[in-house]
Amino acid sequence: MPSQQSEPPDNRLARLRGPQPPQPYTARKITALTANPACARRAVLDAAGVDKALLAQRVGYEPRFGQSPFALAREQAFHGLVKWGSYAELIRLLREQLSVPVAEAHVTDLNEVGGNTALHLRERETRRLITHVASGQDVRLILDRPVLTLEVAGQTAYLEPDALTHRIGGKFHVVLIRSFAAIDGQANPTAVAEAAKQAAVYVLALHHAFETAGLPTEQISHEFLLVCPKDFSNRPYGRLIDLRQELDALQFQLSRLRRAEDLAAQLPETATLDTARSADELSSSIEALDASYTPSCLSFCEMARYCRDEADGCASPARLGSGVRNDLPGIDSTRTALDYLDGVAAPGEAEAEAAARLRAAARLRRLRQGAA
Amino acid sequence: MNVLSTVATLTASRTGRAEPLTTVRHQHLDEKPFVLVPLTLAGEACAPLAALSGTDPEHPTLLTVRQPRNRAERFRFAERLAALLLAYIDGCRTETEPYTVGRGKEKEERLRCRRAPQLLVPNGEGISYVRLLGRLTRLRATEGPYAVDQSVPTLGKWLTWFADLAEFPDSGVLLAMTRLLAANWATGQSSSEDSHLASLLAWIDPPEGSDGARAAREAEDPAVWPPAGPSTDPVFDRTLHELMTRYDEASDGRGREAVGRQIDRELSGQMLPTWRLMWRGVELLRELPEGAHVPGRWALDRRWFSEYAEYLEADGRPQARRDQAVRAARRLARLEDAVTRYEAQRAYDDPLVMAEYELTGEAFTGTVTARDGDRFIPGERPGSQVWRPTITLRTGTDVRVDLAVGTEVKSPARPGQEARILEVKREDDGGHAVVLQLKGGFARKRTPPAPPGTLAEAGEELTYTTLNPTAMPSALPDEENTPWTHGGPPQPYEPTDEDAEETWE
């Protein structure tokens with residue numbers, strides 16, 4: 001996808017990326033970033049728009065995320081179904097399942113503006129429409145694929161929610177269309193949680209748009225509409241899901257994100273993240289960025305297996321999961337912890353209590369294992 | 001996660017081999033388990049793609065769906081799985097044994113099967129698959145439009161029964177291999193990595209000449225070790241997609257059959273490694289001795305099995321789409337009881353599990369230094385005397401005893417004997433002297449001398465804990481006596497036409 005990420009002329013991040021086209025920020029990337037806000041590596045790579053999958057491959061770690069053609073086909077089919085006939089299915093859903101009085105069914109397609117798909121044009125048009133609808137000068141039931149912006153770590157992210165509607169209770173609602181099934185009214189909780197996090201990103205971006213336009217943000221709902229297939233069929237099913245908790249968490253995490261530019265400024269002048277450069281150059285630049293690896297990274301970050309090997313190398317306790325890490329407060333390496341267990345190193349005052357607990361457990365383990 | 005497993009994980013991360021977390025196995029492992037390795041089509045809620053199943057490690061039965069979007073083919077898959085699983089279930093019902101329930105007047109003799117089915121799947125997602133496939137098939141009608149074979153709804157009811165019981169930690173009818181193995185061994189990797197069967201087994205049972213850590217990493221490569229399912233590897237899906245397109249477009253029956261056989265081969269190749277790992281896991285688990293409470297828990301599973309089989313013959317209505325409030329409350333209460341009882345039983349059966357409670361101060365171990373076998377104290381009736389011997393336990397110097405005077409405790413060595421802490425005295429060397437008053441467990445004797453073995457000898461090492469595996473479960477009224485304030489007795493679920501016609505796209 002072509003991107004029009006706005007960039008000041010002398011941009012360290014752009015120089016790091018080199019001549020490669022930048023990868024845009026997506027809601028998924030933002031939620032991944034807030035899942036691990038301490039990770040400077042991911043923050044800089046995303047802000048610079050580096051293709052992480054390609055980068056991981058260049059340093060010897062083929063990412064193992066791929067989408068199955070079956071999953072892709074299903075997703076497209078379901079999206080197509082919901083949107084078919086100017087959102088006929090979605091309108092039916094609004095009427096029947098959410099008892100929304102739908103008088104008119106005016107849909108505006110924001111996938112393009114006069115044949116132009118440029119993000120900044122679509123963003124401007126979205127803002128214009130929202131202003132009109134919010135101030136009552138115009139009516140729209142659904143805005144199809146609007147474009148919103150959000151500041152993330154000092155960078156502007158362009159975001160594209162599936163749809164916006166403002167007919168539920170007279171408020172603006174973000175609509176997400178997902179192809180995981182809701183069986184007897186229950187969907188996979190992990191998938192719903194991920195969708196909710198992404199919806200929170202869109203709602204926050206919507207707040208941003210309202211504030212820029214000087215509109216009252218009370219018109220934005222703190223719920224979003226999740227549309228997914230019902231049971232084992234293809235029929236759309238929808239429910240409103242409260243987002244207040246996700247919104248609070250997201251705002252907090254975004255405020256904690258350090259500005260990616262400040263992080264990048266600490267890199268040596270020779271550093272590069274240009275995927276066309278040699279693996280050695282790339283590795284040393286990646287190493288200069290602090291990662292904060294945890295096993296959960298494996299499920300969403302392309303660089304995770306690189307970081308895992310690095311964490312293995314320095315015996316980071318977090319690589320073994322939060323349980324182990326919590327049992328080793330103040331001890332920054334499992335090798336040190338093992339030295340305390342063996343009695344070959346003496347713990348400092350801060351680690352004394354944790355070390356004593358470990359020693360007691362190890363002693364008991366030896367005793368009870370022998371007892372059997 | 002507790003400190004003991006942290007120590008085990010640390011040790012494993014150094015040695016490159018998994019470390020034992022238990023001294024016994026706490027789950028029943030049947031002589032003849034039914035192993036099921038399923039695959040589903042990506043992107044769909046529950047579209048069976050293939051399965052390897054059966055009770056013979058050398059001869060798995062291969063089931064495939066060459067055109068998973070075809071409704072009829074999906075139900076044919078369900079029929080074929082039903083033929084295998086229902087035959088296995090029937091085989092468990094051939095022999096019965098009597099047992100008694102209730103006490104006193106309500107005492108009743110009943111019959112239960114000597115065996116119960118045990119279904120083994122690779123991982124937690126496998127359990128979800130069993131639940132979904134059960135939900136999908138149990139509400140189908142066997143006559144009228146969209147009729148399916150009679151075995152399909154029966155399969156659905158049984159699969160739902162398996163999945164419902166799988167939530168209970170004390171049940172062993174449906175188990176996930178990764179969870180079974182991870183309960184017994186700690187690896188030097190995180191728990192999310194342990195949910196990968198090949199990688200977990202590499203730590204426990206590394207190939208010759210390799211260490212677990214390295215082998216586990218190699219096992220993560222889907223090209224070498226296909227995922228244990230039910231989700232397939234997206235790269236493999238590309239191959240499959242191509243074959244299925246060719247299958248659809250084949251111009252004649254012979255060409256189609258040739259492509260169909262190729263699909264079968266490819267799918268089988270994706271599941272066979274997992275099938276072998278499953279049986280390797282079974283072997284490893286069989287090498288562990290069984291915990292003392294395991295046969296008792298399995299007897300309970302056999303009872304549930306017999307009762308459900310009888311229910312299916314007598315009534316046979318399927319489980320509802322969703323539990324009613326009363327049923328849900330009852331189920332939650334049973335679940336909570338089961339968790340507490342299971343945790344206590346595990347600790348009683350396994351000193352390594354008990355050690356967790358010793359570390360948290362809910363249990364302590366000491367050596368008997370003194371005993372008073374002739375002690376009497378005033379009883380409840382005025383002037384009466386009851387026999388309550390005491391023993392004094394001396395703990396090690398670094399043992400914490402956080403239990404207060406008056407706490408009721410028990411020892412796994414004599415679970416029928418109640419003990420109460422009378423005194424805790426801290427000695428100069430840091431150890432504790434604990435005086436315990438004993439009640440009962442003297443082979444029904446109410447006066448001294450204590451029968452041999454019932455009263456601890458000096459020098460005996462004993463562990464006492466607040467855990468009690470025989471604690472009475474919370475009581476709820478019978479289902480038929482649900483008061484009207486709670487909606488009265490719940491009505492069983494009647495499947496509707498809508499259920500039968502439910503699309504399965």
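Which one is surrounded by the fewest Cβ atoms within 10 Å (Cβ to Cβ) among residues in region B:338-376 that are within 14 Å of chain A (Cβ to nearest Cβ) and outside any helix (DSSP H, G or I)? Looking at residues that are within 14 Å of chain A (Cβ to nearest Cβ) and outside any helix (DSSP H, G or I), I get B:G361. Filtering region A:65-84 to residues that are facing another protein chain (nearest Cβ under 7 Å) and farther than 17 Å from B:E44 by Cβ leaves only A:G66. Within region B:4-20, is there a residue that is assigned to a loop (DSSP other than H, G, I, E, B) and buried (at least 21 other Cβ atoms within 10 Å of the Cβ)? Within region B:4-20, one or more residues are assigned to a loop (DSSP other than H, G, I, E, B) and buried (at least 21 other Cβ atoms within 10 Å of the Cβ). Restricting attention to region B:377-399, and to residues there that are in a loop (DSSP other than H, G, I, E, B) and either in contact (Cβ under 8 Å) with a residue 40 or more places away in the chain or in contact with a Cys (Cβ under 9 Å, 6 or more places away or on another chain) (or both), which single residue is farthest from the other protein chains (Cβ to nearest Cβ)? For region B:377-399, the residue satisfying everything is B:R388. Pairs linking a residue in region A:301-321 that is closer than 21 Å to A:V50 by Cα to a residue that is acidic (D, E), with Cβ atoms under 8 Å and 6 or more positions apart or on different chains, are A:E310/A:E287. Comparison of B:G229, B:G209 shows that the only residue that is in a loop (DSSP other than H, G, I, E, B), open to solvent by 30 Å² or more (accessible area, probe 1.4 Å) and at positive phi is B:G209. Cβ-Cβ distances below 9 Å connect the following pairs, each with a first residue in region B:184-207 that is without any contact (Cβ under 8 Å) to a residue 12 or more places away in the chain, a second residue that is hydroxyl-bearing (S, T, Y), and a separation of six or more residues or different chains: B:S190/A:T294; B:S190/A:S296; B:S190/A:S322; B:S190/B:T9; B:S192/A:S296; B:S192/A:S299.
Looking only at region A:63-85, how many residues end up being charged (D, E, K, R), modelled with pLDDT of 85 or more and open to solvent by 40 Å² or more (accessible area, probe 1.4 Å)? Adding up the residues that qualify gives 2. Scanning region B:60-91 for residues being in a loop (DSSP other than H, G, I, E, B) and modelled with pLDDT under 95 gives a total of 6. Only one of the numbered conditions (1) within 30 Å of A:E75 (Cα to Cα); (2) of a type in the set (A, V, I, L, M, F, W, C); (3) out of contact with any Asp or Glu (no Cβ under 8 Å at 6 or more places or on another chain); (4) away from every other protein chain (no Cβ under 14 Å) is violated by B:L62, and that is (3). Inside region B:419-458, residues that are more than 39 Å from the chain's Cα centre (by Cα), β-branched (V, I, T) and closer than 25 Å to B:G406 by Cβ make up a count of 0. All conditions in (1) under 17 Å from A:G170 (Cα atoms); (2) surrounded by fewer than 16 Cβ atoms within 10 Å (Cβ to Cβ) hold for A:D109, with the sole exception of (1). Looking at the structure I just gave you, is A:E269 surrounded by fewer than 13 Cβ atoms within 10 Å (Cβ to Cβ) and not in a helix (DSSP H, G or I)? Yes; evaluated as a whole, the condition is true for this residue.
Within region B:31-50, the set of residues being open to solvent by 10 Å² or more (accessible area, probe 1.4 Å) and either touching a Phe, Trp or Tyr at 6+ places or on another chain (Cβ under 7 Å) or away from every other protein chain (no Cβ under 13 Å) (or both) comprises B:E31, B:K32, B:T40, B:A42, B:G43, B:A45.
Could you please let me know if A:G370 is free of Cβ contacts under 8 Å to residues at least 40 places away in the same chain and either open to solvent by less than 50 Å² (accessible area, probe 1.4 Å) or more than 10 Å from every other protein chain (Cβ to nearest Cβ) (or both)? No: the conditions fail for A:G370. For region B:199-225, a tally of residues being within 14 Å of another protein chain (Cβ to nearest Cβ) and out of contact with any Pro (no Cβ under 7 Å at 6 or more places or on another chain) returns 15.
Please work out if A:R122 is of a type in the set (D, E, K, R), open to solvent by less than 50 Å² (accessible area, probe 1.4 Å) and either in contact with a Lys or Arg (Cβ under 7 Å, 6 or more places away or on another chain) or at pLDDT 85 or above (or both). Yes. Could you tell me whether any residue of region A:157-173 is in a strand (DSSP E or B) and surrounded by fewer than 17 Cβ atoms within 10 Å (Cβ to Cβ)? There is at least one residue in region A:157-173 that is in a strand (DSSP E or B) and surrounded by fewer than 17 Cβ atoms within 10 Å (Cβ to Cβ). Candidates B:L243, B:L300: the one that is closer than 30 Å to B:Q345 by Cα and either among the small types (G, A, S) or buried (at least 16 other Cβ atoms within 10 Å of the Cβ) (or both) is B:L300. With respect to the conditions (1) basic (K, R); (2) at pLDDT below 85; (3) surrounded by 16 or more Cβ atoms within 10 Å (Cβ to Cβ), B:R414 falls short on a single one, namely (2). Residue count for region B:174-192, restricted to those that are within 12 Å of chain A (Cβ to nearest Cβ), open to solvent by less than 10 Å² (accessible area, probe 1.4 Å) and not small (G, A, S): 1.
The values are calculated or read from the model by the stated rules, or taken from the named source; none is laboratory data. Predicted model, so just to flag it, every value in this text is computed and none were measured. Counting neighbours? That spans all protein chains shown, and the Cβs are built from the backbone with ideal geometry, glycine included. In case anyone asks, the SASA skips ligands and DNA or RNA and just uses the protein heavy atoms, side chains included. Shrake-Rupley method; radii C 1.70, N 1.55, O 1.52, S 1.80 Å.
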